[in-house]
Amino acid sequence: MAGNTFGRIFTVTSFGESHGPAIGCVVDGCPPGLLLSTEDIQKDLDRRKPGTSRHVTQRQEADTVEILSGLFEGKTTGTPIALLIRNEDQRSRDYGNLIDTFRPGHADYTYWQKYGIRDYRGGGRSSARETAVRVAAAAIARKWLAEKHGVVIRGYVSQLGPIDVPFQSWDAVGSNPFFAANQELIATLESFMDDLRKAGDSVGAKITTIAEQVPVGWGAPVYAKLDSDLAAAMMSINAVKAVEIGSGFASVAQRGSEHGDELTPEGFVTNHAGGILGGISTGQDIVVTIGIKPTSSIRIPRKSIDKQGNPVTVETNGRHDPCVGIRATPIAEAMMALTLMDHALLHRAQNIDVQTATPKIPGSSKKVATVAGKQTSVKVNQDPAEA
């Protein structure tokens, strides 16, 4: 199986299956001299791990990370960093009835047709369990980006099933099990998910991820665009079916006079482009929104076939997330971090000495308003995605 390595300079090669002894990855290309400990990585893994609330899978995994190589005296050496997370709570018996059948909406059928063999226990390699090592690897990238460039990467659930979750405050995101930036809707979301779990069904979610303080100039034209690489990175996450940069599909209904982000000496007026123009970062917030499909593993009987092509009915039991999007916010943040880290190093390799006489204008931390016919820069407390 090919396709298990992400990145060009900062690369991550993952391995392992959902019900194997462990999952892990090898991170290569990390610059030397970065102070790194398991605590730096564990805090992000704890945000993603299962069993954190009644609204997600009750599989109990500590997701304790081990750093096997690439460090000396607490600092990265520039050599490959091997990370390992041992699986501790597999329950393979839950999948015994799937040996000869294919779950609708899962990769069972395509894996079988492509490889002629598949690990039916929890989806094996296609399981979202693999995303834990992405989060672990991205913790390294996030720390380097923050220390070298002040980059801050945050995300929140902006829609859960049919319920829109408007942004109110980043302060709310860490205090509820939904990664919602709107404390007023938590009770509504709790009730909705309780009813959904009782019905044995599932829903999808929309997640918005924002990177602040990204310097202007990251990315490259044509085949190495920052937005195309971000889209590919986000689409690599299990269950993601849509990616929007900036205004995304809403830009279809906008006019050019509205969508084009005007520039002033004080900064950009809007950020419909999501912080990227011509595949290159503008210095504004980079805004990416992903759409995640409903969980395919549900208790409701569904039509399928067995290996002989005979019709069967599949009813999936076991421990599953009724909405995989609830735990996906740290994963989306991780893929943003890995992509930005790779582009930061690519930029440093070719363009670090480039200077222009044109001043770098402020990004979307400011919004330009028109007051009495004059443009003035004013601070605003709002969702950067709408700036």
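The residues neighbouring Pro221, those whose beta-carbon lies less than 15 Å from its own, together hold a net charge of -1 under the Lys/Arg +1, Asp/Glu -1 convention.
In the structure shown, do any of Lys143/Lys198; Lys43/Lys75; Lys49/Lys360; Lys43/Lys360; Lys75/Lys225 have a Cα-Cα gap over 29 Å, and if so which?
Lys143/Lys198; Lys49/Lys360; Lys43/Lys360; Lys75/Lys225
Karplus-derived 3J(HN,Hα) values for segment 134-147, using 6.51 cos²θ - 1.76 cosθ + 1.60 with θ = phi - 60°, are 5, 4, 5, 5, 5, 4, 5, 4, 4, 5, 5, 4, 5, 6 Hz; glycine and proline are entered as x. Close amide H pairs (under 5 Å, H built 1.01 Å from N) link Ala242 with Gly291, residues at least 5 positions away or on another chain. In order along segment 195-209, the Karplus-derived 3J(HN,Hα) couplings, from 6.51 cos²θ - 1.76 cosθ + 1.60 at θ = phi - 60°, round to 5, 5, 5, 5, 6, x, 10, 8, 9, x, 7, 10, 10, 10, 10 Hz, and Gly and Pro are given as x. When exposed loop sites are taken as GluC sites (Glu not before Pro) in a DSSP loop with at most 15 other Cβ atoms within 10 Å, the longest stretch of the chain clear of them is 89-261.
Sequentially through segment 243-259, phi angles give Karplus couplings (6.51, -1.76, 1.60; θ = phi - 60°) of 9, 10, 10, x, 5, x, 5, 5, 5, 4, 8, 7, 8, x, 5, 9, 6 Hz, Gly and Pro residues having no value and appearing as x. To the nearest Å, what is the center-to-center distance of segment 132-173 and segment 283-344, using C-alpha atoms only? So the separation of the two Cα centres works out to 17 Å. The angle between the Cα long axis of helix 329-351 and the longest principal axis of the Cα atoms of the chain comes to about 50 degrees, rounded to the nearest 10.
On a 0 to 90 degree scale, rounded to 10, what angle separates helix 38-48 from the longest Cα axis of the chain? Compared with the principal axis, the helix lies near 70 degrees.
Values in this text are rule-based calculations from the coordinates and carry no lab data. Treat the numbers as computed from the prediction; the structure is a model and nothing was measured. Cβ: placed from backbone, ideal geometry, glycine included. Neighbour counts: every protein chain shown.
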